[in-house]
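Heads up, the thing below is written out as C-alpha cells.
What follows is calculated from the coordinates using simple rules that are stated; it is not laboratory data. All of these numbers come straight from a predicted model, not from anything done at the bench. FYI the Cβ positions are ideal-geometry reconstructions off the backbone, even for glycines, and counts take in every protein chain you see.
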Amino acid sequence: MERAAAFIVGPDTGATSRLKQLEELPEYRDAFAAARVEASRPVTDVRDPGQLSRLHPDGNAALHSYWYTVRSTVTHRGKAAFRE
C-alpha cells in the first residue's frame, strides 16, 4: 500500500502522511467498503501495549494504524506478550 500511495499521492510526502491521504480519497473508501472487510478484534500496538488499534468498517485508519500495527506485531513478536 505504501508503494501504491506513493504513485497516487506522490513520493514527496512521508509514508504515514501518504497513507492517511490515501484513506481520505473517496475511491479508497468505496473500495474498502465494497471489499466488506470484517472489523475484527482490536490489535495491541507493540510500541505502546496500552494502545489498541481497531479496524473501522469505513476504512478509516486502516492503512496507517491498524494494518501497520498488525505488521509490527507479526514482525516484532513478544513485545506485547503480557497484553496479548
query = If we count other beta carbons within 10 Å of each Cβ, what is the order of VAL74, VAL43, fewest first?
reply = VAL74, VAL43
message = For a quick check: sort TYR28, TYR66 by the number of other beta carbons within 10 angstrom, fewest at the front.
response = TYR28, TYR66
request  = Take peptides 14-22, 30-38 and line them up by average Cβ neighbours within 10 Å, highest first, as a rough protection proxy.
outcome  = 14-22, 30-38
Neighbour-count ranking [beta-carbon atoms within 10 angstrom, fewest first] of THR75, THR69 = THR75, THR69
query = Taking amide H positions as placed 1.01 Å from N in the peptide plane, with prolines and chain starts having none, which residues 5 or more places from GLN51, or on another chain, fall under 5 Å of its amide H?
reply = ASP45
inquiry  = Rounded, prolate or oblate for the range 2-75? Axes are the square roots of the Cα gyration tensor eigenvalues, ordered a ≥ b ≥ c, and the cut-off for rounded is a/c under 1.5.
reply    = oblate
